[in-house]
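Below is one structure, written out as structure tokens; the observations come after it.
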Amino acid sequence: MKLVDTHAHLTDGRFRDDLDAVVQRADEAGVGTIITLAAALEECEAVLKLAERFPSVCAAVGVHPHAAGVSPADVTDALAEFAKHPKVVAIGEAGMDYHYLPGRMQQRPDLDAPTKAGQRRVFTQQLELAARLDKPIVIHLRECAADLLELVAPYRGRLRGVFHCFSEDSDVARRVVEMGFHISFSGMLTFKKNETLREVAAQLPPERVMVETDCPYMSPEPHRSKRCEPSFVVHTAAALATARGVPVETVARQTTENAARLFQLPC
Ligand SMILES: [Zn+2]
Ligand SMILES: [Zn+2]
């Protein structure tokens with residue numbers, strides 16, 4: 001059984017001391033490819049280094065919404081330069097996230113406007129770049145589905161990509177699929193309380209689903225208290241198989257084929 005961890009953050013400090021062992025364990029668990037993503041311009045160099053160091057690791061370069069506020073006005077040229085590396089398979093982690101808006105705690109929505117505008121600007125730059133370079137985009141979406149989908153909609157038919165660590169409802173999932181995008185599930189799919197998410201997962205077309213860890217975050221059951229790592233993606237694949245009522249080998253084959261096709265994996 002072969003799997004692809006389509007979303008990892010191997011440059012995180014929590015992997016500093018044992019990354020070789022982490023990649024080795026992934027290999028032993030059948031995780032043939034790990035895509036490690038940069039969340040800020042300062043991380044791009046580091047993800048490229050990891051992709052050069054490990055044959056099974058590919059890279060994505062992007063700016064996460066949480067880094068939008070501290071990024072240059074235009075990130076396009078810097079990302080385009082990093083994206084020339086042969087092991088860069090996507091633009092990302094990009095997207096929008098309204099969970100930590102500054103006005104939220106103070107019930108002052110007027111304070112949120114600059115943060116939202118900054119996230120929109122940096123996300124749009126990455127949508128445009130991914131379309132121009134014909135690379136898939138990896139999209140982070142949290143508590144802003146309507147605003148984000150409005151930005152992605154005009155790219156329908158000329159941009160491919162994935163909505164990662166998916167936790168939205170069936171309505172958002174349907175719109176994502178209609179726009180031609182993929183949906184990737186993290187360890188959240190294994191959490192007992194996420195029955196609704198498993199129902200969403202059960203209904204997706206088989207050619208659009210993928211699995212990921214989002215490590216070091218989001219450890220799946222039965223490892224929830226531990227640091228997450230790519231080998232744990234087997235638990236998410238098993239949960240997806242149960243939800244869809246198919247053998248785990250089927251889910252492994254489908255999700256790996258989907259990842260290989262979407263990212264045109266060189267590794
Ligand atoms: Zn994310
Ligand atoms: Zn991430």
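The values are calculated or read from the model by the stated rules, or taken from the named source; none is laboratory data. Because the structure is predicted, anything quoted here is derived from the model rather than measured. Backbone-built Cβ (ideal geometry, glycine too); neighbour counts: all protein chains shown.
Couple of notes before you dig in:
- From SER219, SER186, residue being touching a strand residue (DSSP E or B) at 6+ places or on another chain (Cβ under 8 Å), within 26 Å of ALA51 (Cβ to Cβ) and either buried (at least 24 other Cβ atoms within 10 Å of the Cβ) or at pLDDT 95 or above (or both): SER186
Rundown of residues vs (1) in a helix (DSSP H, G or I); (2) of a type outside the set (Gly, Ala, Ser); (3) under 25 Å from ARG158 (Cα atoms), yes/no style:
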{"residue": "ALA60", "(1), (2), (3)": "no, no, yes"}
{"residue": "GLY69", "(1), (2), (3)": "yes, no, no"}
{"residue": "GLY92", "(1), (2), (3)": "no, no, yes"}
{"residue": "TYR100", "(1), (2), (3)": "no, yes, no"}
{"residue": "LEU127", "(1), (2), (3)": "yes, yes, yes"}
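- Being farther than 28 Å from LYS226 by Cα, of a type in the set (D, E, K, R) and touching a helix residue (DSSP H, G or I) at 6+ places or on another chain (Cβ under 6 Å) is a condition met by at least one residue of segment 77-89.
- Residues that are part of a loop (DSSP other than H, G, I, E, B), touching a residue at least 40 places away in the same chain (Cβ under 8 Å) and within 17 Å of GLY92 (Cα to Cα) within segment 39-58 comprise just one, ALA39.
- Single condition PRO230 does not satisfy, out of (1) within 16 Å of ligand 2 (Cβ to nearest atom); (2) out of contact with any Cys (no Cβ under 7 Å at 6 or more places or on another chain): (2)
- Residues that are crowded, with 18+ Cβ neighbours inside 10 Å and not in a helix (DSSP H, G or I) within segment 71-80 comprise SER71, VAL75, listed in sequence order.
- No other residue among GLY103, GLY157 is under 19 Å from VAL209 (Cα atoms), surrounded by fewer than 18 Cβ atoms within 10 Å (Cβ to Cβ) and without any contact (Cβ under 8 Å) to a residue 24 or more places away in the chain apart from GLY157.
- Scanning segment 39-63 for residues being within 16 Å of ligand 1 (Cβ to nearest atom) and surrounded by fewer than 24 Cβ atoms within 10 Å (Cβ to Cβ) gives a total of 3.
- Segment 3-38, subset part of a loop (DSSP other than H, G, I, E, B), more than 17 Å from SER186 (Cα to Cα) and in contact with a helix residue (DSSP H, G or I) (Cβ under 6 Å, 6 or more places away or on another chain), residue farthest from ligand 1 (Cβ to nearest atom): THR11
- For GLY118, the requirement of being among the small types (Gly, Ala, Ser), part of a loop (DSSP other than H, G, I, E, B) and either at pLDDT below 95 or away from ligand 2 (no atom under 16 Å from the Cβ) (or both) is not met.
- The criterion of being touching a His at 6+ places or on another chain (Cβ under 8 Å) and under 23 Å from ALA73 (Cα atoms) holds for HIS140.
- Those residues of segment 176-197 which are farther than 23 Å from ILE34 by Cα and over 18 Å from the mean Cα position of the chain (by Cα), in sequence order: GLU178, LYS192, LYS193, ASN194, GLU195, THR196
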